[in-house]
Amino acid sequence: MTRSIGSDPSIARALIDGARLAASKQPSENAKGLADEFRKKLVDRRSQLESQLGAERVSETPNSSISNAIHHLDSEVRKVDDLTESFLKGEKDFHEVAVQIRQSDLALKYAFAIRNKLVDAYREVMRMSV
């Protein structure tokens, strides 16, 4: 469950192919097909992750800080999707996409670290004898 979106080799391969195509600056007939294929893989992966997390959602008040943090994390991941699609279309620079991917990766790692600390604290409280 801790696999990141970037760990799927087919998505990484499509991103590398897109980078090579953009670096060559030569228009290709299959550029649109490559972008569509990459978009489909991203959408499939997102739906897989959302279906896995769908049962684990916690109801919260809209103004809670946890809810705000989750929405911010979600927006960071969605930015990567949008920038990657723009990159494959030739609208964005590879470095801009790489920076956003790194920023999103750090945000996800930070969120998992917080989750792990909360789980550890809960387990510690449960071990206490009354």
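The values are calculated or read from the model by the stated rules, or taken from the named source; none is laboratory data. Note that the structure is predicted; figures quoted are calculated from it, not measured. Glycine also receives a Cβ, built like all others from the backbone with ideal geometry; neighbour counts cover every protein chain displayed.
Brief remarks on what is shown
- Those residues of segment 79-130 which are in a helix (DSSP H, G or I) and of a type in the set (Gly, Ala, Ser), in sequence order: Ser86, Ala98, Ser104, Ala107, Ala111, Ala113, Ala121
- Qualifying residue in segment 84-93 (condition: more than 21 Å from Glu37 (Cβ to Cβ), exposed (fewer than 12 other Cβ atoms within 10 Å of the Cβ) and modelled with pLDDT under 90): no
- The set of residues from segment 48-78 being among the charged types (D, E, K, R), at pLDDT below 80 and either part of a helix (DSSP H, G or I) or in contact with a Leu (Cβ under 6 Å, 6 or more places away or on another chain) (or both) comprises just one member, Glu50.
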